[in-house]
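Engineer: Can you keep this structure in mind? I'll have questions shortly.
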Amino acid sequence: MKRLLRRQYRTVFSYRSLALLLLALSCLAFTSGASARRNRSNQQQSTNANNNDETDYYKILGVKRTAKPKEIKKQYHKLALQHHPDKVPAAEKPQAEQQFVKISTAYAVLSDDEKRSVYDKYGVRGLEALERGVNPEEAGFGASNGGNGFPNGGFGGGQQQQFHFGTGGPGGANFDAFRMFEEMFGSAGGAGGFGAGGFPGGNGGGFGRPQQQSPPPDLFPKNHETISKLGSPKYPNASSKYLWFVMFYLNDRASAAVKEQLELLAQKTAGTFKVGAMDCRKSDVEARYCAKLGVDDLPAFGFVVNGKTILFEDANRIPSAKSMHEFAMSNMPRELIVNVNHVSQMQERLLIAVTKQASGKRRKQSRIHGSVLLLTDKYETSALYYSIAYKYRTSFLFGESRAGNLGLAKELGVKKYPLLVAFVPRGRGTERYSDEWDLVKYAGELNANAIGKWLDKVVTTVETKQRAEYGL
């Protein structure tokens, strides 16, 4: 009995000890958390006190402290264009220059991961300490008598870029707000501004800018072998014959890094959709046109269908030819090609549909001459067929029978896949199909040029016989 009581007493004591231990740990965690919160609050207050409106870089750019790099760059571009001295009347240039430099300084800090981290923790004085190669924390936010030097003259190692973040704006020899802007958004146009025409009021007043060097050769000149040079006057619209994959670029290193992949895309897709390039900083007109399309961060990419530009949202700044091709294929005009799996569907979706479009009040306006059907043993629609359907969308309705449909193969006498056949009104084809329709079977090479010539001939034959029939 005494042994049992002693055992129970030890058990109760053990539970009490455990409970007291857990209580002590909870108190310690709470105290540590509160201390950490106070430290973060004090650090934030210290950083805020260290910065004012002149050096509150988030406020200058009008972005949140959680803003992503793309958002920061977009806002910098917008504000830098707005306040660039070459864009304002002469009387406003000094004030515009001051604001432009502030905006550029803010971007120079917030676009650099290391500088942004130091700025967020220690403010502008921490950046000054970083510039001197001193640990900002040990330097007391950049105090002249605090801190120890780090190896290689920098915080965290490595040679530091020399910036001076004083209240009067950047004055370091290696920082030039105008050069940074021109390197990012275009170096064309020396004294007058940004390329042909420049901004109104530009007189080439120096603002401390360096002598302009000759602009580098255009990445995509007009005589490029595989990529078409585009501009606002010739940009694809709703009446364009071709589908387009377009790169919006700036003549800089970032765009040059994509050039090889774009050329590979153009090479691999030759004869299907077109590949073009548009310099968005060539002139004011081009810059505004790109902005109208929603292009703000260069290089950018888009696929143009019916005059609408669908932008390629890819996290990779240097997309591969494969990813660009996949993007183009995902935005093909699928509505132009109907799926045909049975003879009845062929009748309804291709033949009766043509008759409806060419009848009644729409007869005179209709340019639809017939329909085209592709019979194939493949399972996916090719870029070639999409491109053909798009080019001739006002002349034919298009259908496709995939995966080797036996019923349709027997109906149309398919001996070998693929078979491309056009249905035209009776008396205008080479082979009779029904009382209302003739057939014209294609027997040439499977490329866009050859198929295009065949369809052009079909259209000419139909129109010629139509005119003769109606005495026109």
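The values are calculated or read from the model by the stated rules, or taken from the named source; none is laboratory data. The model shown is predicted, which means the values in this text are computed figures rather than measured ones. Don't worry about glycine lacking a Cβ; one is built from the backbone with ideal geometry, like all the others, and counts go over all protein chains shown. Heavy atoms of the whole protein, side chains included, go into the accessibility calculation; ligands, DNA and RNA do not. Shrake-Rupley method; radii C 1.70, N 1.55, O 1.52, S 1.80 Å.
Engineer: Of all residues being of a type in the set (S, T, N, Q) and open to solvent by 50 Å² or more (accessible area, probe 1.4 Å) in the range 286-319, which is nearest to S232 (Cα to Cα)? Just the residue, please.
Structural biologist: Looking at the filtered set, the residue picked out is N306.
Yes or no, residue by residue, for (1) within 30 Å of E326 (Cβ to Cβ); (2) open to solvent by 10 Å² or more (accessible area, probe 1.4 Å); (3) over 37 Å from the mean Cα position of the chain (by Cα); (4) of a type in the set (D, E, K, R):
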residue	(1), (2), (3), (4)
E348	no, yes, yes, yes
I352	no, yes, yes, no
L373	yes, no, no, no
E445	yes, yes, no, yes
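Engineer: Let me ask something additional. Looking only at the range 33-68, count how many residues are open to solvent by 90 Å² or more (accessible area, probe 1.4 Å), in a loop (DSSP other than H, G, I, E, B) and modelled with pLDDT under 85.
Structural biologist: Total meeting the criteria: 1.
Engineer: Taking V338 as meeting all but one of (1) at pLDDT below 95; (2) touching a Lys or Arg at 6+ places or on another chain (Cβ under 8 Å); (3) open to solvent by less than 60 Å² (accessible area, probe 1.4 Å); (4) among the β-branched types (V, I, T), write down the number of the exception.
Structural biologist: Of (1) at pLDDT below 95; (2) touching a Lys or Arg at 6+ places or on another chain (Cβ under 8 Å); (3) open to solvent by less than 60 Å² (accessible area, probe 1.4 Å); (4) among the β-branched types (V, I, T), only one is false for V338: (1).
Engineer: Going by the conditions given, is A403 in a loop (DSSP other than H, G, I, E, B) and either open to solvent by less than 40 Å² (accessible area, probe 1.4 Å) or closer than 26 Å to P333 by Cα (or both)?
Structural biologist: yes
Engineer: If I filter the range 354-371 down to residues being open to solvent by less than 100 Å² (accessible area, probe 1.4 Å), of a type outside the set (V, I, T) and assigned to a loop (DSSP other than H, G, I, E, B), which single residue comes out as modelled with the lowest pLDDT?
Structural biologist: In this case the residue turns out to be S366.
Engineer: How many residues does the range 232-242 hold that are open to solvent by 40 Å² or more (accessible area, probe 1.4 Å) and part of a helix (DSSP H, G or I)?
Structural biologist: Within the range 232-242, residues that are open to solvent by 40 Å² or more (accessible area, probe 1.4 Å) and part of a helix (DSSP H, G or I) number 2.
Engineer: In the range 283-305, is there at least one residue being under 26 Å from H224 (Cα atoms), in contact with a Gly (Cβ under 6 Å, 6 or more places away or on another chain) and among the charged types (D, E, K, R)?
Structural biologist: Among the residues of the range 283-305, at least one is under 26 Å from H224 (Cα atoms), in contact with a Gly (Cβ under 6 Å, 6 or more places away or on another chain) and among the charged types (D, E, K, R), which makes the answer yes.
Engineer: Please identify the pairs in which a residue from the range 109-123 that is under 17 Å from Q75 (Cα atoms) has its Cβ atom under 8 Å from the Cβ atom of a residue that is acidic (D, E) and not in a helix (DSSP H, G or I), counting only partners at least 6 apart or on another chain.
Structural biologist: Partner pairs satisfying both residue conditions: none exist.
Engineer: Something else now. Just checking, which of G399, G427 is at pLDDT 95 or above and out of contact with any Phe, Trp or Tyr (no Cβ under 9 Å at 6 or more places or on another chain)?
Structural biologist: After ruling out the rest, the residue left standing is G399.
Engineer: Another question, if that's okay. Quick check on the range 411-431. Is at least one of its residues among the basic types (K, R) and farther than 22 Å from I368 by Cβ?
Structural biologist: Scanning the range 411-431 turns up at least one residue that is among the basic types (K, R) and farther than 22 Å from I368 by Cβ.
Residue-by-condition table, conditions (1) surrounded by 15 or more Cβ atoms within 10 Å (Cβ to Cβ); (2) among the aliphatic types (A, V, I, L, M); (3) on the phi > 0 side of the Ramachandran plot:
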| residue | (1), (2), (3) |
| --- | --- |
| L419 | yes, yes, no |
| R426 | no, no, no |
| D435 | no, no, no |
| K453 | no, no, no |
| V458 | yes, yes, no |
| T461 | yes, no, no |
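Engineer: Going by the conditions given, is E469 touching a His at 6+ places or on another chain (Cβ under 9 Å) and either within 26 Å of K274 (Cβ to Cβ) or assigned to a helix (DSSP H, G or I) (or both)?
Structural biologist: Judged against the criteria, E469 is not a match.
Engineer: Could I ask something else about it? For N135, which of the numbered conditions (1) of a type in the set (S, T, N, Q); (2) over 22 Å from D297 (Cα atoms); (3) open to solvent by 40 Å² or more (accessible area, probe 1.4 Å); (4) touching a Gly at 6+ places or on another chain (Cβ under 7 Å) fails to hold?
Structural biologist: In the conditions (1) of a type in the set (S, T, N, Q); (2) over 22 Å from D297 (Cα atoms); (3) open to solvent by 40 Å² or more (accessible area, probe 1.4 Å); (4) touching a Gly at 6+ places or on another chain (Cβ under 7 Å), N135 misses (3) alone.
Engineer: Let me ask something else. Check K416 against each of (1) part of a strand (DSSP E or B); (2) over 38 Å from the mean Cα position of the chain (by Cα) and name the one condition it does not meet.
Structural biologist: So the condition that K416 fails would be (1).
Engineer: When you look at E431, is it within 40 Å of the chain's Cα centre (by Cα) and free of Cβ contacts under 8 Å to residues at least 40 places away in the same chain, yes or no?
Structural biologist: Judged against the criteria, E431 is not a match.
Engineer: So which residues in the range 69-121 are assigned to a helix (DSSP H, G or I), under 24 Å from the mean Cα position of the chain (by Cα) and within 16 Å of D176 (Cβ to Cβ), if there are any at all?
Structural biologist: Hits for the range 69-121 are Y76, A80, S104, Y107, A108.
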